[in-house]
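Right, one structure below, let's go through it.
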Amino acid sequence: MATAVAMGKTPARGLAIRQILLYVGLILFGVLTLSPFILSILGAFKSTVEIGAYPPTFLPQVWHPDNFIQVWKLFPLFPRWFLNSLGLSVTVMVLNVLFCAMAGYAFSRLEFPGRNILFLAVLATLMIPLQVTMVPKFIMLARLHLVNTYPAVILPNVSTAAGIFLMTQFMKAIPKELEEAARIDGAGKFTTFWRVILPLSVPAMTALAIFSFQGQWNDFLWPLIVLTSPHLWTLPLGLAGFSTEYVSNTNWVLVGSIFTTIPMAILVFVFQRYIVKSVATTGGK
Amino acid sequence: MAIDVRPKVGAQAKVPTGGGTRLKRPRPYREWLTSYVFLIPAIIVIGGFTFVAMGVALFLSFFKYDLFTLQWNDIHNYIKAVGNADFHKAMLNVVYYMLVVVTLQTILALTIALVLDRIMAGRGVFRTVYYLPAITSSVVMGLIFSWLFTPGGWVGTAVGGVFPGLRNFGWLLDPGTALPAIMTTTIWSTAATFMIVFVSGLQDIPAQLYEAARIDGAVGWRSLWNITLPLLRPTIFLVTVLGTIGTLQVFDQVYVMTNGGPLKSTLTPVFLIYTEAFRDYSVGLACAEAFILFLIIFTFTLIQRRFIDTTIEY
């Protein structure tokens, strides 16, 4: 009996110690992950003098919530950038999901000549990086007189290879019988797509929607190339311009950073479940 | 509507009746047409902004073009690109950047995923916290880290605790440390995304395998080495490929944190192409460099793809 108890006890204690070590490791990494955010939030409340002081202070000596108002006053375009970011992200998200779902339907459920070649062509574009196409894309849009307009940002992003791939794979798994049933009821291809396939593809569409939104919200290089007027800028562009203008006012730059990050953070917390799933299937692209 | 007359369609769905099938099936060319209608937006966007754009880039790479005048330049853009010291520097920088970032972020992501897989509770909380940097815009994170890396800033203070001489060191102002500082910023923000990929890869490994291995006496490190890692190979390769493609395109952090400096130590190909095309208006040269870069990335991806294809069979 005694040996049995001892045998049962030791592994249990070993297990507990191991669990504690694992948690300590995870918490340390969590602190490392969060500290830039925490320092930034505290920094956003400091005065311009204190933010540049050495050694840096952890908590602000005097709290300056007025920094948040100051930034909006100094940069009357800030609300505009916010709305630009929001509008562009929502538009790209809606169109990209719709167009990718349409293409996914054709690739997964319909028969037509050239299907495999077209699908391979779409997949091949995954290997073509932005730096190869950014210059000719700019020139093409310039020829269409679209540079420095919202469509210049929207158009190239409303059908993505990764999105089409995601939708095609997902729709392939929908049972054929459901479609048959719709056809027997007299539904055409468009009705079937709209009434049967789309409602069943909501999980994949949600994942794609989140990625499109996040990608557009954070995109910097492409808007930087095609948008020159400050009133058309998105938040990252405005923030980058803002930071070069106010190099020594890091506290204000941090306030702007917080304004830029919060909407995404809210979105992620609301849709956490879907994000984990979709990052796992697509690798976050 | 005649079809509705047939009773209990479900019961005999598997038995096709000749006449009914002929009546119901639309003539194929109508389905073809429908298919193309569904594909129109994708064809216009991907065809236009990728394939046509590639053609335009190839065309322009043989010309001198400053956005106004177009002048035949033979293969001189390519000759200039190959001999361009800035291009060499940018390529070397990005390869260095890629090797360090992909290696470290993959190891870090895998380690955290393995730890997360072994704890009893609270996985979701940690995952959310770790994922926060991944959703932060690269501009924001570039600005935050520029501030953290300033002389006498938080990084200096932290490192200065151990090496007092480094307290006022300008991490982004020294050619030796500017790129590593950008690497740190990137790893901090991307490791989490790949961690989630690994976590789901780990969940796909059947529990029976661990069970069987334990009966055979393989536990702890041996089970990690002999079961987990080999079965995770496809995921590891996916993470490596995505990491490679992503790191070769680094731009935002460079633009915000160093502007390519100091002494071109953080110059990257995308930054170089951007400045040549949109600041110096050497569009032809930029296109030639973009094509050379594309061929390099393409080769890289093909090599890595071979590895993925061989591992799918497990």
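Looking at B:Thr266, B:Thr310, B:Thr275, B:Thr301, can you tell me which residue is open to solvent by less than 40 Å² (accessible area, probe 1.4 Å) and modelled with pLDDT under 80?
Values: B:Thr266 fails: modelled with pLDDT under 80; B:Thr310 fails: open to solvent by less than 40 Å² (accessible area, probe 1.4 Å); B:Thr275 fails: modelled with pLDDT under 80.
After ruling out the rest, the residue left standing is B:Thr301.
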Problem set entry | Search result, residues across region B:244-259 that are more than 9 Å from chain A (Cβ to nearest Cβ) and in a helix (DSSP H, G or I) | B:Thr244, B:Thr247, B:Gln253, B:Val254, B:Met257
Seminar exercise, completed: Flagged in region B:196-244 as open to solvent by 20 Å² or more (accessible area, probe 1.4 Å), in contact with a Ser or Thr (Cβ under 8 Å, 6 or more places away or on another chain) and among the aromatic types (Phe, Trp, Tyr), in numbering order, are B:Tyr210, B:Phe237
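Output the residue which, of all residues in region A:89-112 that are of a type in the set (Ser, Thr, Tyr) and open to solvent by 10 Å² or more (accessible area, probe 1.4 Å), is farthest from the other protein chains (Cβ to nearest Cβ). Spell out the reasoning first.
Within region A:89-112, the subset of a type in the set (Ser, Thr, Tyr) is A:89, A:91, A:105, A:108.
Applying the additional criterion that residues be open to solvent by 10 Å² or more (accessible area, probe 1.4 Å) yields A:91, A:108.
Working: A:Thr91: 14, A:Ser108: 11 Å.
The qualifying residue farthest from the other protein chains (Cβ to nearest Cβ) is A:Thr91.
Check every one of the helices (runs of 4 or more DSSP H) wholly within region B:76-168 and list those with 2 or more residues that are surrounded by fewer than 22 Cβ atoms within 10 Å (Cβ to Cβ) and without any contact (Cβ under 8 Å) to a residue 24 or more places away in the chain.
Numbers: elements: B:76-83, B:85-118, B:123-135, B:138-148, B:154-160.
Ranges flagged: B:76-83, B:85-118, B:123-135, B:154-160.
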Problem set entry | Unique residue being without any contact (Cβ under 8 Å) to a residue 40 or more places away in the chain, open to solvent by 40 Å² or more (accessible area, probe 1.4 Å) and assigned by TED's automatic domain parsing to the domain that holds A:Tyr105 when the list is A:Thr191, A:Thr228 | A:Thr191
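Looking at the structure I just gave you, is B:Gly122 more than 13 Å from chain A (Cβ to nearest Cβ) and at positive phi?
Values: more than 13 Å from chain A (Cβ to nearest Cβ): no; at positive phi: yes.
Here the answer is no, as B:Gly122 does not meet what is asked.
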Exercise. Farther than 24 Å from B:Val125 by Cβ, in contact with a helix residue (DSSP H, G or I) (Cβ under 7 Å, 6 or more places away or on another chain), assigned to a helix (DSSP H, G or I) and in contact (Cβ under 8 Å) with a residue 40 or more places away in the chain: does that describe B:Phe237?
Worked result: yes
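Please indicate, with yes or no, whether at least one residue in region B:61-75 is more than 30 Å from A:Gly30 (Cα to Cα), surrounded by 15 or more Cβ atoms within 10 Å (Cβ to Cβ), out of contact with any strand residue (DSSP E or B) (no Cβ under 8 Å at 6 or more places or on another chain) and not assigned by TED's automatic domain parsing to the domain that holds B:Leu238.
Pass one, region B:61-75, residues more than 30 Å from A:Gly30 (Cα to Cα): B:61-75.
Filter once more, keeping what is surrounded by 15 or more Cβ atoms within 10 Å (Cβ to Cβ): B:61-65, B:73.
Restricting the remaining residues to those that are out of contact with any strand residue (DSSP E or B) (no Cβ under 8 Å at 6 or more places or on another chain) gives B:61.
Okay, now just the ones that are also not assigned by TED's automatic domain parsing to the domain that holds B:Leu238, so B:61.
Yes: region B:61-75 contains one or more residues that are more than 30 Å from A:Gly30 (Cα to Cα), surrounded by 15 or more Cβ atoms within 10 Å (Cβ to Cβ), out of contact with any strand residue (DSSP E or B) (no Cβ under 8 Å at 6 or more places or on another chain) and not assigned by TED's automatic domain parsing to the domain that holds B:Leu238.
Restricting attention to region B:176-205, and to residues there that are in contact with a helix residue (DSSP H, G or I) (Cβ under 9 Å, 6 or more places away or on another chain) and not in a helix (DSSP H, G or I), which single residue is nearest to the other protein chains (Cβ to nearest Cβ)? Working first, answer last.
Step one: filter region B:176-205 for residues in contact with a helix residue (DSSP H, G or I) (Cβ under 9 Å, 6 or more places away or on another chain), giving B:178-205.
Next cut, not in a helix (DSSP H, G or I) only: B:204-205.
Details: B:Asp204: 9, B:Ile205: 14 Å.
Applying the filter and picking the extreme gives B:Asp204.
Does B:Thr186 count as polar (S, T, N, Q), in contact with a Phe, Trp or Tyr (Cβ under 9 Å, 6 or more places away or on another chain) and surrounded by 12 or more Cβ atoms within 10 Å (Cβ to Cβ)? Quick ask: steps written out before the conclusion?
Working: polar (S, T, N, Q): yes; in contact with a Phe, Trp or Tyr (Cβ under 9 Å, 6 or more places away or on another chain): yes; surrounded by 12 or more Cβ atoms within 10 Å (Cβ to Cβ): yes.
Yes, satisfied.
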Seminar exercise, completed: Of B:Phe63, B:Phe87, the only residue that is of a type outside the set (A, V, I, L, M), within 12 Å of chain A (Cβ to nearest Cβ) and within 30 Å of B:Ser265 (Cα to Cα) is B:Phe63
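If you go through region A:113-122 one residue at a time, do you hit one that is touching a residue at least 24 places away in the same chain (Cβ under 8 Å), facing chain B (nearest Cβ under 8 Å), surrounded by 17 or more Cβ atoms within 10 Å (Cβ to Cβ) and not in a loop (DSSP other than H, G, I, E, B)?
Of all residues in region A:113-122, those touching a residue at least 24 places away in the same chain (Cβ under 8 Å) come to A:119, A:122.
Adding the requirement that they be facing chain B (nearest Cβ under 8 Å) leaves A:122.
In the following step, the residues that additionally are surrounded by 17 or more Cβ atoms within 10 Å (Cβ to Cβ) were identified as A:122.
Still in the running and not in a loop (DSSP other than H, G, I, E, B): A:122.
Checked against the condition, which is being touching a residue at least 24 places away in the same chain (Cβ under 8 Å), facing chain B (nearest Cβ under 8 Å), surrounded by 17 or more Cβ atoms within 10 Å (Cβ to Cβ) and not in a loop (DSSP other than H, G, I, E, B), region A:113-122 yields at least one hit.
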For this session: Can you confirm whether region A:68-88 contains a residue that is under 30 Å from B:Val241 (Cα atoms), in contact (Cβ under 8 Å) with a residue 12 or more places away in the chain and either more than 10 Å from chain B (Cβ to nearest Cβ) or open to solvent by 30 Å² or more (accessible area, probe 1.4 Å) (or both)?
Result: yes
Problem set entry | Counted residues, region A:148-186 - those being within 11 Å of chain B (Cβ to nearest Cβ), assigned to a loop (DSSP other than H, G, I, E, B) and at pLDDT below 90 | 2
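Do the conditions hold for A:His145, that is, is it part of a loop (DSSP other than H, G, I, E, B), open to solvent by 30 Å² or more (accessible area, probe 1.4 Å) and away from chain B (no Cβ under 13 Å)? Let's see the steps before the verdict.
Details: part of a loop (DSSP other than H, G, I, E, B): yes; open to solvent by 30 Å² or more (accessible area, probe 1.4 Å): yes; away from chain B (no Cβ under 13 Å): yes.
Yes: the conditions hold for A:His145.
The values are calculated or read from the model by the stated rules, or taken from the named source; none is laboratory data. Bear in mind the structure is a predicted one, so any value in this text is a computation, not a measurement. Cβ: placed from backbone, ideal geometry, glycine included. Neighbour counts: every protein chain shown. Accessible surface is based on the protein model in full, side chains and every heavy atom, while ligands, DNA and RNA are left aside. Shrake-Rupley method; radii C 1.70, N 1.55, O 1.52, S 1.80 Å.
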